[in-house]
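Undergrad: Following this message is one structure expressed as structure tokens.
The values are calculated or read from the model by the stated rules, or taken from the named source; none is laboratory data. Please read all numbers here as calculations on a predicted model, not as lab measurements. Backbone-built Cβ (ideal geometry, glycine too); neighbour counts: all protein chains shown.
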Amino acid sequence: MVVVLCVSALAQAPAAVRQNAFSRHDLEARTPTARTVSYRVNGRVRPLLVWIGRDDIGEAFLSWRRSEQGRRGFELLIGSDPARAPRGINRWGFIVEELYNGEATVLGLMKESREQTLDEAEAKVARKERVSVFKAARTTITRERAENGTMTISAPAHLTYRDVDALLELMADQPVHTRSTDIPPGTHAGFLTAMDSLIRASLEPCGHVDSVDTTSLATVPYLYNHTLYDLTLVSCTFEPQLHTRLGVIADVVDGRFRLRNRATKSDTRFRVTYGASGEFRELPLRAVFRPRWWVEVEMEIDSVSGKDRRQSTAGVVSSKDGL
């Protein structure tokens, strides 16, 4: 479920109406980074019945963005480092969600991965292909209407997550395939804003040792590439402390989440531990998910940087914002 996955526009243009090629430089000028959390990525595979793991096989970067004009945004870049990952695996993705004045844009890039077994993945790595295929999905949302565009990008196989800007330069100005979708009121613009909204809402029932009832929390719907998903916090546990690379962090919530695809009815379950108080309040500290039955990915917090280390800047687009 590596959602891994920015928008180029003039500073005065509404973010949700531009459909030209993308530049993170322009995004930074329009919606500056307020805070970035970096993570080390660990991985495990299960060839048969036993999990085999290796730590520090890649990195992830989650950024909150905010401008004085009221723009909000999230950006996530995650990937394996083929120099450190088992068998030289090179998988990565990038996603950015930008919100302004009740409108939103979402761009997701993911390296194509159709392997269903570990053997298939190893065979693909062994072929040492010269070209990698990325799938890009771009969505603009205005009120209760979404315009979705998709395209395929062919890129040199040696590009890693560190080369995300080079990949963005290869992206066409306009999506090849487009589709319009009506979305219900209250739908969030993307996975990152939906997660932030649910984490913030969960702190009251989950952020105390004697309060773990999640039944009062509503399921959070969001849109990605013309498909509606429902995000639910299934259960949560308050923990007095968590040992991390940054030291011991007090007051955390261990949350178990379910993601449901409304079209296919398929469920994806994952786990996120996040801060409940102080400097790390609302920050994801650790996440574990299984994109395939035979592979498990873990993100561990490694550092926090930026001028805003405490205040959430998700800028959720929801019914109160007119979406």
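For (1) modelled with pLDDT of 95 or more; (2) touching a Gly at 6+ places or on another chain (Cβ under 7 Å), each residue gets a yes or a no:
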| residue | (1), (2) |
| --- | --- |
| 44 | no, yes |
| 57 | no, yes |
| 60 | yes, no |
| 77 | yes, no |
| 87 | no, no |
| 110 | no, yes |
| 129 | no, no |
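Undergrad: When you scan region 271-297, how many residues do you find that are out of contact with any helix residue (DSSP H, G or I) (no Cβ under 9 Å at 6 or more places or on another chain), among the aromatic types (Phe, Trp, Tyr) and modelled with pLDDT under 95?
TA: 2
Undergrad: Would you call residue 237 hydroxyl-bearing (Ser, Thr, Tyr) and either in a strand (DSSP E or B) or within 22 Å of residue 63 (Cβ to Cβ) (or both)?
TA: yes
Undergrad: Provide a single number: the residues in region 203-248 that are surrounded by 18 or more Cβ atoms within 10 Å (Cβ to Cβ), farther than 26 Å from residue 301 by Cα and among the hydrophobic types (A, V, I, L, M, F, W, C).
TA: Residues meeting the conditions: 1.
Undergrad: Follow-up question, since we're still on this one. Take region 130-164 and flag every residue that is assigned to a helix (DSSP H, G or I) and surrounded by 13 or more Cβ atoms within 10 Å (Cβ to Cβ).
TA: Residues satisfying the conditions are 161, 163, 164.
Undergrad: Could you count how many residues in region 298-323 are under 28 Å from residue 209 (Cα atoms) and at pLDDT 75 or above?
TA: 7
Undergrad: Follow-up question, since we're still on this one. For residue 5, are the conditions met, namely being crowded, with 19+ Cβ neighbours inside 10 Å, within 23 Å of residue 149 (Cβ to Cβ) and at pLDDT below 95?
TA: Against the criterion (crowded, with 19+ Cβ neighbours inside 10 Å, within 23 Å of residue 149 (Cβ to Cβ) and at pLDDT below 95), residue 5 qualifies.
Undergrad: Give 181, 187 a once-over and let me know the one that is among the hydroxyl-bearing types (Ser, Thr, Tyr), surrounded by fewer than 19 Cβ atoms within 10 Å (Cβ to Cβ) and under 19 Å from residue 106 (Cβ atoms).
TA: One residue alone meets the criteria, 181.
Undergrad: Related question: Of all the residues that make up region 244-295, how many are outside any loop (DSSP other than H, G, I, E, B), of a type in the set (Phe, Trp, Tyr) and over 21 Å from residue 207 (Cα atoms)?
TA: Residues meeting the conditions: 1.
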